[in-house]
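Reading through the structure tokens given below for one structure.
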Amino acid sequence: MKIFQEEPIFKTGFTYKEVAGLIVTVFFAIPVLILISNALINKFLETISLLELTEKGEIFFFYETGQSLGFIFFIITISLYIFLALPVFINRRFSRKIIGWSSLIGGLALLLGIITATISSFLVESYIEDKGYSRCSYYSGSGYNPVDYYVFDSKYCVSAVSILKNKALPWFEEANKKGEVDYDEFLLKVEQWKAESPRYKK
């Protein structure tokens, strides 16, 4: 089986501007795709680590990103795109058969990633809630794909904090690091944040 097509990408009469434009596009696209893949892998590992922490009850407050377990399939699509782009540096294209199979596998991986992202998000949320954690809509994001925020005890989900998240979330992170949390201290902090916020001042 032939690896490359016989006809080059740039035939007689091409301009160096055309060559430079394509190579620069590919040259910059590949690092971006690698960065995206790295981010997907890191988010996947973070989610696995989060599940381990919730299993042990060693975390109090956190964002849930269960969909990242499904998005890991996108790396296959990205890798194939990078693979198909490489021959441009030697002025060639892969054979139509290689392009066809790579496109098919990449497309299936993309579809699988979209489907499993929804499923994995549901499964992770169910697992977390089975461990006693509660989703707090006041701290969660909004829009098409909101980020779900969970608390280990529903009493820490306070509506007043919804506009004080810039103060509360760092405090939650510190509580996670210390491995302990005090409800009375939390209530005092809420009152302090309200006093410091222009939105609560008359």
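The values are calculated or read from the model by the stated rules, or taken from the named source; none is laboratory data. This structure is a prediction, so every number in the text was calculated from the model and none was measured. Every residue, glycine among them, receives a Cβ derived from its backbone with ideal geometry; neighbour counts consider all protein chains shown. SASA here: full protein model, heavy atoms, side chains in, ligands and nucleic acids out. Shrake-Rupley method; radii C 1.70, N 1.55, O 1.52, S 1.80 Å.
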Beyond 14 Å, what share of the Cα-Cα pairs of the range 152-202 is found? Please give it as a whole percent.
51 percent
Using a 7 Å offset from the Cα along the Cα-to-Cβ direction at both Tyr183 and Asn91, what is the distance between the two label points in nm, to one decimal?
7.5 nm
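Take Thr47, Thr118 and sort them by solvent-accessible surface of the protein heavy atoms, 1.4 Å probe, largest at the top.
Thr118, Thr47
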Exposed-site-free run, longest, the chain (rule: GluC sites (Glu not before Pro); DSSP loop; at most 16 other C-beta within 10 Å):
59-179
Restraint check, Lys131/Lys178; Lys131/Lys167; Lys131/Lys189; Lys43/Lys178; Lys43/Lys189; Lys56/Lys194, Cα-Cα greater than 25 Å
Lys131/Lys167; Lys131/Lys189; Lys43/Lys189; Lys56/Lys194
Ignoring ligands, DNA and RNA, please state the percent of accessible area on the chain from carbon and sulfur, probe 1.4 Å.
63 percent
How large is the helix-only mean residue ellipticity at 222 nm for the chain, computed as the sum of -39500 (n - 2.57) over DSSP H runs with n ≥ 4, divided by its residue count, in deg cm²/dmol to the nearest 500?
-20500 deg cm²/dmol
How much of the pair distance distribution for the chain lies past 20 Å, counting alpha-carbon pairs only, in percent?
68 percent
Heavy atoms of Phe44 accessible to a 1.4 Å probe, total area in Å² rounded to 10:
60 Å²
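For the range 108-171, what is the accessible area per residue in Å², given a 1.4 Å probe and the full set of protein chains?
The answer is 55 Å² per residue.
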Quick note, the range 75-118: a/c under 1.5 would make it rounded; otherwise a/b > b/c is prolate and the rest oblate (a ≥ b ≥ c, C-alpha gyration tensor); here it is oblate
Tell me the accessible surface of Ile36 in square angstrom (1.4 angstrom probe, heavy atoms of protein chains only), to the nearest ten.
80 Å²
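Would you work out the relative contact order for the chain, in percent, from Cα pairs under 8 angstrom that are 6 or more residues apart?
Values: 206 pairs, mean separation 47.2, N = 202.
Relative contact order, the chain: 23 percent.
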